[in-house]
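Data first, discussion second: the structure below is written as structure tokens.
The values are calculated or read from the model by the stated rules, or taken from the named source; none is laboratory data. Small disclaimer: the values here were computed from a predicted structure and weren't measured. Heads up, the Cβs are rebuilt from the backbone with ideal geometry, glycines too, and the neighbour counts pull from every protein chain shown.
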Amino acid sequence: MKKMLIAYDGSDASTKAIDMAIKCASPDDEIVFLTVIPAELTESSFTNMLLPTIDLKSVVQSGSFKEKTMKKMSEITKQIEGKISKIETVIESGDPADEILLASKKYEADIIIVGYKGYGKEGRFLLGSVTDKVVRHASKSVLVVR
């Protein structure tokens, strides 16, 4: 039995990672479906510097990003149900690469599946910065999907 950790950020590449995982999986496998909400989406010192007079807590309702993410992940999970024996949905907040690496250990994943490039604010020539960090620091095998 394999346990796959799939990192999903809504990008085309992460959607392809889900498709690849389903193609490679057997019905006995398990999937941990992870989305990380970057902390800076709700509040950051940079945002506060640009918009010092706006109270972000009054503009962005607490949990709104998480609620939207949960809804989207629920839709995707319904599409996968029946093809995989166990699907666990996890939503974390923080640095995406760090949270992916921590989740791979916490959930004892056999493999991490990521898209080659996501919606991160920084870019790399061939790999996204999150994917690059995961590949470099993972203690498990990493499948990068294009």
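General observations
- Single residue of region 17-42 satisfying the filter (over 16 Å from D110 (Cα atoms) and within 13 Å of the chain's Cα centre (by Cα)) that is modelled with the lowest pLDDT: P38
- Of all residues in region 1-10 being hydrophobic (A, V, I, L, M, F, W, C) and not in a loop (DSSP other than H, G, I, E, B), the one that is surrounded by the fewest Cβ atoms within 10 Å (Cβ to Cβ): M4
- Considering residues of region 1-16 that are within 13 Å of I111 (Cα to Cα) and either among the charged types (D, E, K, R) or within 12 Å of the chain's Cα centre (by Cα) (or both) only, the residue modelled with the lowest pLDDT: K2
- The set of residues from region 11-39 being under 20 Å from V130 (Cα atoms), surrounded by fewer than 14 Cβ atoms within 10 Å (Cβ to Cβ) and in contact with a Ser or Thr (Cβ under 8 Å, 6 or more places away or on another chain) comprises just one member, A39.
- Any strands (runs of 3 or more DSSP E) falling wholly within region 48-146 and containing at least 1 residues that are modelled with pLDDT under 95 and polar (S, T, N, Q): 86-93
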